[in-house]
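To start, the structure itself, in structure tokens.
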Amino acid sequence: MIKAILTDIEGTTSKISFVHDVLFPFARKHMASFIQEHHQDEPVAEQITAIKHLLGQSNATLETVIRTLEHWIDTDQKITSLKALQGMIWKRGYETNAFTGHVYQDAFAQLTQWHQEKFELYVYSSGSVAAQKLIFGYSDFGDMTPLFTGYFDTKVGLKQNRESYQAIITELPYSPSEVLFLSDVVAELDAASDAGMQTYQLIRENQDVSQHPHTDSFKNIILNSP
């Protein structure tokens with residue numbers, strides 16, 4: 001019996017185009033000035049140090065770090081330090097009403113219903129936990145964060161690796177079969193299934209239909225109450 005739902009964001013609860021057409025360009029535009037202005041702030045300095053370590057250049061200049069970050073954005077790299085810094089920049093955008101977090105209406109309605117029915121809701125996205133909380137905290141429907149019990153990002157591992165879902169299970173009070181993972185990406189669903197989770201594919205745009213149960217709307221996902 002399903003007791004918890006773990007959901008992806010991009011392409012599942014929210015339009016892929018929101019991330020690629022709104023969030024990424026905003027971070028790309030402001031990355032250099034943000035790093036130059038805040039590189040001595042502890043949260044930013046911590047990520048800069050991590051980036052230098054990844055580059056194997058402990059003495060890398062700030063300009064090198066900035067160019068690296070911009071390249072990672074341009075090539076859509078799933079790197080934890082990049083995601084953390086993007087989240088800091090996006091926070092400014094949300095707080096200044098430059099944009100709100102896109103969430104599909106059916107996702108909002110069904111997540112709200114599941115929460116009312118006492119299902120535990122969790123998020124797993126390649127975006128940082130901070131960025132996840134922003135998209136739901138400043139969503140088109142207002143603050144959705146009270147719906148969620150917890151959040152996971154690439155600190156537990158990449159989303160196409162079975163071990164990542166096994167790591168998530170160790171942090172939940174449920175067996176793998178009691179957790180339903182929702183995503184639009186087949187490789188992620190395969191990894192979650194290999195870890196013992198139940199799965200459901202959201203077909204939002206032009207994804208290939210997989211062997212996983214699938215639908216084009218959250219409202220069509222029927223669960224038994226815990």
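Filtered by the rule that a residue be part of a helix (DSSP H, G or I), of a type in the set (D, E, K, R) and touching a helix residue (DSSP H, G or I) at 6+ places or on another chain (Cβ under 8 Å), the range 126-168 gives LYS133, LYS155, ARG162. Once the range 78-115 is narrowed to residues that are under 24 Å from GLY157 (Cβ atoms) and charged (D, E, K, R), the residue that is surrounded by the fewest Cβ atoms within 10 Å (Cβ to Cβ) is LYS78.
Here's the yes/no breakdown for (1) more than 20 Å from VAL19 (Cα to Cα); (2) crowded, with 21+ Cβ neighbours inside 10 Å:
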{"position": "LEU158", "(1), (2)": "no, no"}
{"position": "ALA167", "(1), (2)": "yes, no"}
{"position": "VAL186", "(1), (2)": "no, no"}
{"position": "ASP190", "(1), (2)": "yes, no"}
{"position": "ASP194", "(1), (2)": "yes, no"}
{"position": "THR199", "(1), (2)": "yes, yes"}
{"position": "HIS214", "(1), (2)": "yes, no"}
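When GLU63, GLU70 are screened for being over 30 Å from LEU180 (Cβ atoms), among the charged types (D, E, K, R) and either free of Cβ contacts under 8 Å to residues at least 24 places away in the same chain or touching a Pro at 6+ places or on another chain (Cβ under 9 Å) (or both), only GLU63 passes. For the range 169-182, check the following and say yes or no: at least one residue is assigned to a loop (DSSP other than H, G, I, E, B), crowded, with 20+ Cβ neighbours inside 10 Å and of a type outside the set (Gly, Ala, Ser). So far as the range 169-182 goes, no, none of its residues is assigned to a loop (DSSP other than H, G, I, E, B), crowded, with 20+ Cβ neighbours inside 10 Å and of a type outside the set (Gly, Ala, Ser). I need the full set of residues from the range 116-136 which are on the phi < 0 side of the Ramachandran plot and either surrounded by fewer than 17 Cβ atoms within 10 Å (Cβ to Cβ) or not assigned by TED's automatic domain parsing to the domain that holds ILE9 (or both), in order please. Within the range 116-136, GLN116, GLU117 qualify. If you check THR49, THR12 for being outside any helix (DSSP H, G or I), in contact with a Ser or Thr (Cβ under 9 Å, 6 or more places away or on another chain) and either modelled with pLDDT of 95 or more or surrounded by 15 or more Cβ atoms within 10 Å (Cβ to Cβ) (or both), only one passes: THR12.
Answer with yes or no whether LYS91 is among the charged types (D, E, K, R), within 27 Å of MET31 (Cβ to Cβ) and part of a helix (DSSP H, G or I). So LYS91 fits the description; yes.
The values are calculated or read from the model by the stated rules, or taken from the named source; none is laboratory data. Not measured: the values here are computed from a predicted model. In this analysis, Cβ positions are derived from the backbone assuming ideal geometry, glycine residues included, and neighbour counts consider all displayed protein chains.
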